[in-house]
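Participant: Below: one structure in structure tokens.
Taken together, the values in this text are just the output of simple stated rules run on the coordinates, not laboratory data. Note that this is a predicted model, so its numbers are computed, not measured. A quick note on method: Cβ atoms are made from the backbone with ideal geometry, for glycine too, and the neighbour counts reach across all protein chains shown.
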Amino acid sequence: MQRRSMISLRQFCRYDSMHKKDPFDGVSSIPCQNSGSMWIPVKQKSSGGRRPKKKIYHRDYELDRVMDLQKKPSLILQLKSIIQSQKQQCLLLRDLEKEVGFVQKWNFMAVIEKYPSIFRVGGGSREPPFVTLTQKAEKIASEEAEARRLMEPILVKNLRKLLMLSIDCRVPLERIEFIGHELGLPQDFKTSLIPKYPDFFSVKVVNGKACLNLENWDSSLAVTAREERLADEGVYDSNGKRKKVRITKDGNYLGPFAFKMSFAAGFRPNNSYLEHLESWQKMEFPSPYLNARRFEVADPKARKRVVAVLHELLSLTMEKRMTSAQLDAFHSEYLLPSRLLLCLIKHHGIFYITNKGARSTVFLKEAYDGSILRDKCPLLLFNSRFVALSGRKEIDSCSGIPSSYGFS
């Protein structure tokens, strides 16, 4: 007999944002007393009247903090783009509501007032008030074109890999638009980027939907970010042969089929858990670039391969994160599991789900050192340089040198 048990889930991401039907409908949540953890819903076997042990999903406060730190930079960069889209490179304040809506307008007004080093308000008795970039902000903003130029080969490579991961080497354009910001694509990528590379991409209508189609398969691109990391760590020698690996007690193994693990501070795995994890880490599995139709869903190796697909998808984004809804949108293209949320929770040493912000977000944990992204692409470096005009100093994740970055 199976029965449903409550697992504490405090302010967790909405399950129905990822699934049309919640398998745990009708189960109410009990507030968690421990602010460092959450309860989550699972099924457990009955233990003859014995109350099952609660399963705790531990918070990672540093990754939660990432979502808090990105709020004001997001507003600054969005306002910059709105101003630059105007013909005269200035925005009448009375038109701000048309651009962002009534509620958001006040958030942008607060940003304009707080950061005079970035935004200058003009106008007088005979002309309506307007906002424009300061001279210093305009100078830094002019560097965006160069950052976009440097991003283009990265975007082309990542788009090709995104299509190679899919079962038919094609993805609906609406799906790519849905994650365009996370990939770093320009808004007009369908006209400014895709037509420039006819050897790589084509747009075809399939089942009434416009799809981006891969024209040529490149085996040299069928290498995952995980495999590249293992090569850097010396798991493979110069001839590509496997080296003898070292096994540690925190879930991290340097084997050729292992994933980087980073457990939350409050998580204390017992020996049984570590033994099971060791067995899983050593298990061979097919490459995520092989067609998923070739494998049985119930096969443990195929299930581990799904983790590799999710890992690679997040690795292709600029900030190594996506919302849960964005991941689930690719369910058909990558044959993701029906209970995607539970899959992510199960592998909490690899992924982290936060409910901070307007939507639940899935992080690739190994990409972050605390709340700092380890590697930044040219566009993120430009964004960091622009928002640095706001003032607070932080450690730049790429250079390790203190630089003006972030917010006070």
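Participant: Given R₀ = 45 Å, what would the calculated FRET efficiency be for Val203 paired with Arg268, taking r from the Cβ atoms and rounding to 0.05? Don't jump to the answer; show the numbers that get you there.
Facilitator: Values: r = 51 Å, r/R0 = 1.14.
For R0 = 45 Å, the calculated efficiency reads 0.30.
Participant: In nm, give the distance between the simple-model label positions of Lys139 and Glu62, each being 7 Å from the Cα along the Cα-to-Cβ direction.
Facilitator: Each label point is offset 7 Å from its Cα along the Cβ direction, giving 3.5 nm.
Participant: Residue-wise, which Karplus ³J(HN,Hα) couplings in Hz belong to the stretch 313-329, taking 6.51 cos²θ - 1.76 cosθ + 1.60, θ = phi - 60°, and x for glycine or proline?
Facilitator: Once θ is set to phi - 60°, the couplings for the stretch 313-329 become 4, 5, 5, 7, 7, 5, 9, 6, 7, 9, 6, 4, 5, 5, 4, 5, 5 Hz.
Participant: How many nm is it between the label spots at Arg149 and Asn291, if each spot is 7 Å from the Cα in line with the beta carbon?
Facilitator: So the two model labels end up 4.2 nm from each other.
Participant: Now for a different question. Just order 68-81, 115-128, 275-288 by mean Cβ neighbour count inside 10 Å, highest at the front, would you?
Facilitator: Details: 68-81: 17.3, 115-128: 12.9, 275-288: 15.4.
Output ranking for 68-81, 115-128, 275-288: 68-81, 275-288, 115-128.
Participant: Could I ask something else about it? Hey, can you rank 360-370, 104-114 by average C-beta count inside 10 Å, highest first?
Facilitator: Working: 360-370: 20.1, 104-114: 15.5.
Per-residue Cβ counts within 10 Å, averaged per peptide and sorted highest first, yield 360-370, 104-114.
Participant: With +1 on the Cβ of every Lys and Arg and -1 on the Cβ of every Asp and Glu, and nothing else charged, how large is the dipole of the stretch 224-369 about its Cα centre, in debye rounded to the nearest 20? Before the final figure, lay out each step's value.
Facilitator: Values: 24 positive and 17 negative charges, 52 e Å.
My answer is approximately 260 debye.
Participant: What is the packing order of peptides 216-229, 176-189, taking the mean over residues of other C-beta atoms within 10 Å and listing the highest first? Display every interim value, and only then the final one.
Facilitator: On the way: 216-229: 13.4, 176-189: 16.8.
Top of the packing list down: 176-189, 216-229.
Participant: For the stretch 60-74, just list the computed ³J(HN,Hα) in residue order, Karplus coefficients 6.51, -1.76 and 1.60, θ = phi - 60°, integers in Hz, with x standing in for Gly and Pro.
Facilitator: 10, 5, 5, 6, 4, 5, 4, 5, 5, 5, 8, 5, 6, x, 4
Participant: Residues with amide H under 5 Å of Leu373's amide H, sequence separation 5 or more or different chain, H placed in the peptide plane at 1.01 Å from N; which?
Facilitator: none
Participant: Skipping prolines and chain starts, which residues have an amide H placed within reach, meaning under 5 Å, of the one on His58, given they are 5 or more residues away or on another chain?
Facilitator: Residues meeting the criterion, in which the H sits 1.01 Å from N, are Met38.
Participant: Please list the non-local residues whose amide H lies under 5 Å from the amide H of Phe201, H modeled 1.01 Å from N, same-chain partners needing a gap of 5 or more.
Facilitator: Close amide H contacts, sequence-distant or interchain: Glu215.
Participant: Which of the residue pairs Lys157/Lys282; Lys80/Lys161; Lys161/Lys260; Lys80/Lys365; Lys80/Lys209; Lys114/Lys320 have a Cα-Cα distance greater than 27 Å in the structure shown?
Facilitator: Distance filter (> 27 Å) returns Lys157/Lys282; Lys80/Lys161; Lys80/Lys365; Lys80/Lys209; Lys114/Lys320.
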